[in-house]
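Bear in mind these aren't lab numbers, they're just calculated from the coordinates by the rules spelled out. Quick caveat: nothing in here was measured; it's all calculated off a predicted structure. Glycine also receives a Cβ, built like all others from the backbone with ideal geometry; neighbour counts cover every protein chain displayed.
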Number of protein chains: 4
Amino acid sequence: MTQMLFRHRRQLLQAFGMAGLGTLPFSSGLLAQTEPDVPGLVEFQRLLAANRILANENIVDAFGHVSVRDPRNPAQFVMSRSRSPALVELEDLMEFDLDGVPLDQRGRTPYGERMIHAAIYAARPEINSVVHNHAYAVLPFTVTDVALKPVVHAAAIIGAEIPVWDIRNEYGDTDMLVRRIEQGRSLAETLGDNTCLLMRGHGAVVTGTDIPRAVLTAIYLQVNAQVLLQARQLGEPALLNEAEVAAATASQFSDLALPRAWEYYCQRAGIDPV
Amino acid sequence: MTQMLFRHRRQLLQAFGMAGLGTLPFSSGLLAQTEPDVPGLVEFQRLLAANRILANENIVDAFGHVSVRDPRNPAQFVMSRSRSPALVELEDLMEFDLDGVPLDQRGRTPYGERMIHAAIYAARPEINSVVHNHAYAVLPFTVTDVALKPVVHAAAIIGAEIPVWDIRNEYGDTDMLVRRIEQGRSLAETLGDNTCLLMRGHGAVVTGTDIPRAVLTAIYLQVNAQVLLQARQLGEPALLNEAEVAAATASQFSDLALPRAWEYYCQRAGIDPV
Amino acid sequence: MTQMLFRHRRQLLQAFGMAGLGTLPFSSGLLAQTEPDVPGLVEFQRLLAANRILANENIVDAFGHVSVRDPRNPAQFVMSRSRSPALVELEDLMEFDLDGVPLDQRGRTPYGERMIHAAIYAARPEINSVVHNHAYAVLPFTVTDVALKPVVHAAAIIGAEIPVWDIRNEYGDTDMLVRRIEQGRSLAETLGDNTCLLMRGHGAVVTGTDIPRAVLTAIYLQVNAQVLLQARQLGEPALLNEAEVAAATASQFSDLALPRAWEYYCQRAGIDPV
Amino acid sequence: MTQMLFRHRRQLLQAFGMAGLGTLPFSSGLLAQTEPDVPGLVEFQRLLAANRILANENIVDAFGHVSVRDPRNPAQFVMSRSRSPALVELEDLMEFDLDGVPLDQRGRTPYGERMIHAAIYAARPEINSVVHNHAYAVLPFTVTDVALKPVVHAAAIIGAEIPVWDIRNEYGDTDMLVRRIEQGRSLAETLGDNTCLLMRGHGAVVTGTDIPRAVLTAIYLQVNAQVLLQARQLGEPALLNEAEVAAATASQFSDLALPRAWEYYCQRAGIDPV
């Protein structure tokens, strides 16, 4: 199945050409060696897809990362070695425990901020995918007092409240990166039961019960930021109320809408929906 | 003719490569089976083109939809099953009656908000195409008090008045979606004789006497929103007056301008004008 | 030479794929029949290039047009029939006299607003190319009192003063289009000795002593509008003074800079510089 | 190695098509003649890559340039002849002394503003690469009093202070270009020990201890400008403090982050990382 997945993708690319990110080839050699029935393979393919999609939609640039709780062991998670999401291949995936310790390093350098992911998987058993990004339209909301709240129903999935975590409060002057597991735990505590969190002068964290939900939420966090910024230039925006946020979230994550979105973003990134 | 249409398109794509949306292949198998003289086929090809164009111009993303009144029966309309417009193929098209009931479901899931279309076709006999979208630049105008009015002649086609419909007024807290035919009728009543309508915290509805007019209006609704937002940052914008709106609309929809625009947007989306 | 020009272009496109506008094929049949030493052919090739460049840089969309004074007869000018600039081919070019009357119509529909071009060529003997466009970032300056003045040296070429012409002043309620030669003359009178003019609620007119100058100026008119809008959000912008505008214009139009820009924009549009 | 580098690139382009800039072919003839072990060749390949990357990321348009201190002789630097960065090829590279005098002109026209580079290399021995650009989002900060300071950690590399140099202060009314070595020295004096400098009504200068650092800083100068402009529309932004700027700069330029970014931007521009 893997081979078919990527053979199809390659044919599409060759036939039609592709623009933007997400067009760089997977290492076909490595994939050819992959057994199609490796446990968890579908999740890992989705993780590759998530990397390409987030790059293709300008949610991540050279920096940012996405992870998945290991489907084979909920006390582990999987994410790429330190590499730009646009370029991540299957061989880049590494396993970590919930303290962020690599379990199969083989000389590969992990992301410095894997502790964000580790601490959230430890604190939130229902969360199975985490995105960290610096989406440009979100950044203004990390350095001002204006709360980033959902203004349109499609963005309700970002949640009614988005806390802001400032590393300086507990850790003083730093390079702003979440490098230690205690810092990750502090961030996870501020996140609480919410879906998203902003990091002052840095970026955002987005969580989901699966990869498609986390990816769609990261995309709409950026859309909502842009819409809210512009709406405020016109006047005081009417926000969704909490009941609307809850109901619209359920609709966006229903079978009516979520597969439609996942198919769309996969195809835009040149990947067969998986 | 169908086969030629898409064979030509495929050659174009293979020869030149294509970027962005609208580049994903139509199901050639299905098209090969289509009789070239099926009644209404030209309208259905235009509906496919409209889906691709709206995606290519960023009027719709994963969500949003476009429909056409059935040329074979004015008491019916045709739109895709629940699928992102960028990906819609001929086999996805479904027929509905003016209560939004599918007439030929064959296991396919319809869009949840087809009632917007149904109610407008019932209320407005002269309308033959409806677009529903969440174009990002339009959204700020759905949540503030600033009226979205035409500032430039090319956008006069959006009409002198654009009412805003808030589902909360009649239906209280919802998921913001127009799921029931009564909700669609309420929206259609607020629309009245206007061309466009904004939905609070949600998006827009655009109507046209045919598909090209509806598509062009949806595109220019977004252009006008962006221009008006920016103009307000400079000062109080001079708007078109009602006579100018009427005269400029007639010019934009004349044989001098409309076919020029339709040819342009089709070609940008990689589709032979139809 | 023509054939080589476009054969090279076609090879480039086939080898590398191309994105955006300007990628649609010229009619090779027509070009194959073109004699390479037709008088004025270089200017007509430049006019085709200008059409593609203006589309590729989002200076025009479905609407807008560019013309050249006929190199064979200064009392005539040449522009496309009514067609989107992205799609214009050699066979679309038509000749007009300085009243805007077509000289070789052959059943083709001319642009409704050719009178803008006709009146400017009549009033300004040193002008040899005219662009009319609705570039979105320029439009806000057509409906507010903020003067569009050059803020950066690369945009000095737009000129120190840009008058605004409002068709309503002399002609009352219209469809906003310059349809009659008297309207064109009124516009040309407001333009005076300036390089650019804004049309209230409509768009812009840009002139040049040749095609590359007119095209570069149209591009930088949009850049300057965007920069000025943003600068005003920060505070009161320091403008170039008149001496700086004059000196920077001379530099931008010198042999050091102009061919560099023309080569760049041609290549971006997939066209061999001509 | 050179030949492999570009053969690989060409294969990628042929197989996948590429969009945007950076897709125009290097002169394969010239490259075929290049000895793979020419001293400094890696730096010159990086300089070509930097030209393509800066064009591909919209940091430069037709104008702007990037240089490298000559790895073979620190009293020289290397940059293209007067040509748009998107189009620069190996044969365009010229050597200059630290007064900006061409050492191997062979009839080629140098950039008018090479004095910016010459004077900075003379004043700052630790600087080995200089970028001059007119990135549109940076320009508003060149004409207003709002200081361009880092708001997010990824942009800390632009430095805590960015001075603004106004050519008018010392040289009165000019064409705004740094044409004489004394003007370059005046600019370099204002730059002082900082990384970046803004030129009033003109653009920016960015320096780096190597090419990847200069390129990444130029990219993030634009990102930070955009974020700061938007943040100010929300309220008074919290800036990074000086300790955070220093620590985050060290992290962004560490082996964890810099190669990740360089690989990413090279691949986006269609170039094998070098």
Taking only the alpha carbons of segment C:198-274, the radius of gyration and the largest Cα-Cα distance, Dmax, both in angstrom, are 14.5, 42
For D:N169, inter-copy label-point distances (7 Å, Cα→Cβ), nm, shortest first, read 4.1, 4.1, 5.8
Compactness summary of the protein assembly as shown: radius of gyration and Dmax from Cα atoms, Å, are 28.6, 82
Scattering profile of segment A:45-177 from the Debye formula, Cα beads only, expressed as log10 I(q)/I(0) at q = 0.11, 0.17 Å⁻¹, is -0.43, -1.04
Whole-number value, in Å³ per residue, for the convex hull of the alpha carbons of segment B:100-224 is 110
With +1 on the Cβ of every Lys and Arg and -1 on the Cβ of every Asp and Glu, the dipole magnitude of the protein assembly as shown about its Cα centre, in debye rounded to the nearest 20, is 1860
One decimal, nm, nearest first: from D:T209 to the same residue in each other copy, label points 7 Å out along Cα→Cβ, the values are 5.0, 5.0, 7.0
Cα convex hull volume per residue for chain A, in Å³, equals 128
Simple SL model, points at 7 angstrom along Cα→Cβ for D:A243 and C:N194; separation in nm is 5.5
So, in nm and shortest first, the distances from D:R72 to its counterparts in the other copies, with label points 7 Å along Cα→Cβ, work out as 5.3, 5.3, 7.6
C:E95 and B:Y171 label points (each 7 Å along its Cα→Cβ direction) are spaced in nm at 6.3
Taking Cα atoms only, Rg over Rh for segment A:105-169 with Rh from the Kirkwood formula is 1.02
For the protein assembly as shown, percent of DSSP beta bridges that are antiparallel (nearest 5) comes out at 90
When all Cα-Cα pair distances of segment A:173-239 are considered, the percent exceeding 17 Å is 56
Quick calc, B:A147 & B:E126: beta-carbon distance into FRET formula, R0 35 Å, rounding 0.05, result 0.90
Neighbour-count ranking for C:V130, B:V164 (other C-beta within 10 angstrom, fewest to most) reads B:V164, C:V130
Least to most buried among A:E189, D:E89, by other C-beta atoms within 10 Å and fewest first, runs A:E189, D:E89
Partner shielding of C:262-272, as the mean number of partner chain Cβ atoms within 10 Å, equals 4
